[in-house]
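Worksheet: the structure to be examined is printed underneath.
Please treat every number below as a calculation from the coordinates, not as lab data. Computed from a predicted structure; not experimentally measured. Here Cβ is always computed from backbone atoms with ideal geometry, including for glycine, and neighbour counts include all displayed protein chains.
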Amino acid sequence: MTSITQIPMMLLLCFLGSFCGLIGGVLLLWRESWARKLSHFFISFAVGALLGSALFDLIPEAAGLSKYAFLYVLVGIVVFSITERALVWHHHHHNHDREHHLKKPPAHYIPLLMIGDTIHNFIDGVIIAATYLFSAPLGFITTLAVFLHEMPQEIGDFSIMLHARYPKNKIFWYNFCSASATFVGAFAVFFSSYLLQAKLYPLLGFAAGGFIYIATADLMPELKHEATGLKEIVMQTSIMILGIAVMVVLSAYFGV
């Protein structure tokens, strides 16, 4: 049963999952070369972590609670796909940097970017809260997966806004405000569950579908752009497997 006492930990997880992801963007403002190298690492690791979390944690939990679990997974994939297409929401990495290398992004592009990221952060809050309220260990694992894909995303977002010649203080402030939507999403789930005593297991499948979509349709194509030879492919694959292994170990350790 949902309890008010769960709010502080839920807020802490939202902070760790979303606001700590801003570290990637701040690092870009401070040391661009470091941020680029870390971005390559985090994209590969995030793919493994997202897939590991979805396939070894979220889907098994959802399947044990409902025969419609895979329908919820499919709904998650479709909703994330529609959201991305409707709002031009992408995890902006180096392919976008190359796209805008020769000219400044159109005036409407940055507002669309911020709208898309705000909705994305809202959904992250929904996912974190839903998994935590269902199971604290599952919430911790989900938060880690969210953080890992937020880091490279923020590096890309900050990079695009820098290229658009936005002042650094405005870049940080806009992304900070966007990240705050994570708390709105979390509270929406919490109060829905608290007031209605609603079942949360459909959101477990939804979260799994979202993670699968982000990993396969968003991040993996980025890895293909970055892999220019056998060495890069082996490194990416190894780090991806490491990400999966970390999630499997955490799942076993926490007994999820």
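Kindly state, to the nearest 0.05, the FRET efficiency for Lys67 paired with Ala252, given R0 = 45 Å and r defined as their beta-carbon distance.
0.95
Tell me, what is the Rg over Rh of region 150-241, with Rh the Kirkwood radius over Cα pairs?
Result: Rg/Rh = 1.10.
For a quick check: sort Cys20, Cys14, Cys177 by the number of other beta carbons within 10 angstrom, fewest at the front.
Ascending number of Cβ neighbours within 10 Å: Cys177, Cys20, Cys14.
For a footprinting-style exposure proxy, rank Tyr213, Tyr132, Tyr194 by other Cβ within 10 Å, fewest first.
Ordered by Cβ neighbours within 10 Å, fewest first: Tyr194, Tyr213, Tyr132.
Quick one: net charge around Thr118, please, counting Lys, Arg +1 and Asp, Glu -1 for every other residue with C-beta under 12 Å from its C-beta.
Net charge in that neighbourhood comes out at -3.
Using just the helices of the chain, give the 222 nm mean residue ellipticity in deg cm²/dmol: DSSP H runs with n ≥ 4 each add -39,500 (n - 2.57), and the total is spread over all residues, rounded to 500.
It comes out at -25500 deg cm²/dmol, rounded to the nearest 500.
log10 I(q)/I(0), Debye, Cα-only region 166-209, no solvent, q = 0.28 Å⁻¹?
Here the Debye-derived log intensity ratios amount to -0.96.
If you take the beta carbon distance between Phe191 and Tyr109 as r and set R0 to 35 Å, what does 1/(1 + (r/R0)^6) give as a FRET efficiency, to the nearest 0.05?
So, using R0 = 35 Å, E works out to roughly 0.50.
Test of understanding: what is the full-extension gain from Phe41 to Lys168, defined as 0.36 nm times their sequence separation minus their Cα-Cα distance?
Full-extension gain reported as 43.3 nm.
List the equivalent ellipsoid semi-axes of the chain in whole Å, largest first, each obtained as the square root of 5λ for an eigenvalue λ of the Cα gyration tensor.
29, 21, 16
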